[in-house]
Amino acid sequence: LPRKRIALMPGDGIGVEVMQATEQVLTVLREREALALDWQRLDWPSTAWHQMHGRMMPDDALDQVRAFDVLLLGALGDPGPLSDAGRYRLPDGVSLEPLLRFRKGLDLWACERPARLLPGAPRYLADPRAAEVDMLVIRENSEGEYVGQGGRLHPGTPHEVATQLEVFTRAATERLIRHAFSRARQRLAQRGESRRFQCADKGEAHAQVCLITKRNAQPAWGELYSEVFAEVALEFPEIGIHHELVDAACMKFVQCPWQFDVVVASNLHGDILTDLAAVLSGGLGLAPSCNINPARRDTPALFEPTHGSAPDIAGQGLANPAAMLLTTAMLLEWLGFVAAAERLRVAVARDLLSASGQSRSCAAVTAGVIAQL
Ligand code: NAD
Ligand code: IPM
Ligand code: MN
């Protein structure tokens, strides 16, 4: 078999720190598991913007990354010089451009963000049932609130009007929702009938897809999503269905998160809900994520933790690399290195448990995970 190739893009802030940790871990894992795997760094951080005269990446960046099997990104978002409290940061509109360009240009229309509470992870909810949290949020990744169309009319004047267009197509909605149901089916096959969910249609089911909308206030796309959801659900009779308005969903993520299985949401709702879901799994330092095109294995998928560049802790060695390592496990699984992925997940989990709640440096977690490997 040909060797698989990863493009490593550290990015900005703690992205650089967690990428260094990951490279160390990958080096050990590759040797232990005899993985046919290579990687190469593509250093296109926000600081390169100044050197490249106002571009974040070379013009042929998309072609360059298409030569790889997968991309692994630390985080983007210029933290600025550490001493100036963010005064000379590149604006997010500039520094995040590569991320949005990759998602769109590589047609990575589904974003998957699992939330599970590993033993030993920080617990933010008092209810003991919060230990059972095991959900997968699937976020629309190609359109919706992120189409980037809109503008400011009469900026700076009292008459200013800002518009931001949202676009939802039936085609993108249908592929997203069908993907959510097939992931629910897969999860059911893996775990068996151990969980029960209350469902709108059939009372109780062993697997569920919960649709999130704001159809009471935004009926156009809310109704499109609901209609497609009902249609696609017919193809998956064993999966229960449920709907929540996004505001109520936020409440229930905190009040009874164990009642969720697969959650499917628009681009923006999914973004917001997954920072909340991250807290259920112990915080952003433990929340993995991937951007994929489930229908195509021949274009590179993009793996990145849910967190950003964390300017507040960047440069201090305090970032938890676990989110990035769990993301790397998702990447390995995507490439077909299933045993190595599991080995990495187990190493992260054991390290977490052995640290018994102490807060540790990035280097300490990295060393701990390597020791477990
Ligand atoms: P953030 O995710 O960077 O940080 C939020 C909070 O979580 C901070 O207090 C941070 O210290 C903490 N945190 C995040 N990751 C952590 C880790 N691994 N270990 C320990 N603590 C961690 O979000 P933000 O502060 O809103 O955004 C900072 C920058 O990152 C912005 O420019 C934003 O646009 C960008 N961003 C980028 C991505 C991405 O590249 N995928 C994602 C989110 C935000
Ligand atoms: C994420 C991030 C991005 C998003 C930002 C950086 C554009 O918050 O991946 O969750 O909103 O998609
Ligand atoms: Mn986000």
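Laboratory data are not the source of any read-out in this text; all were calculated from the coordinates shown. Model, not experiment: these values are computed from the prediction.
Listed values, structure above:
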quantity	calculated
Theoretical ellipticity at 222 nm over the chain - DSSP helices of four or more residues, -39500 (n - 2.57) apiece, nearest 500	-12000 deg cm²/dmol
Beta bridges per DSSP with both ends in the chain, % antiparallel, nearest 5	45
More than 40 angstrom apart: percent of Cα pairs within the chain	13
Size of the stretch 125-180 as Cα extents on the principal axes (Å, biggest first)	53, 36, 11
Translational D in µm²/s for the stretch 224-317 (Stokes-Einstein at 37 °C, 0.692 mPa s, Kirkwood Rh from C-alpha pairs)	207
Pairwise centroid distance, computed over Cα atoms, of the stretch 115-150 with the stretch 1-48, Å	25
Percent of C-alpha pairs per 10 Å bin, the stretch 105-239, short to long	10, 31, 30, 19, 7, 3, 0
Fraction of the pair-distance distribution of the stretch 248-373 above 18 Å, Cα-Cα pairs, percent	60
Computed over the stretch 185-238, the ratio Rg/Rh where both radii use C-alpha atoms and Rh is Kirkwood	1.04
Most mobile listed residue (359, 226, 281) in the chain, GNM with C-alpha springs under 10 Å	359
Debye log10 I(q)/I(0) at q = 0.14 Å⁻¹ for the stretch 1-147, Cα point scatterers	-0.91
Paired Rg and Dmax values of the stretch 231-272, which use every Cα atom, in angstrom	11.6, 31
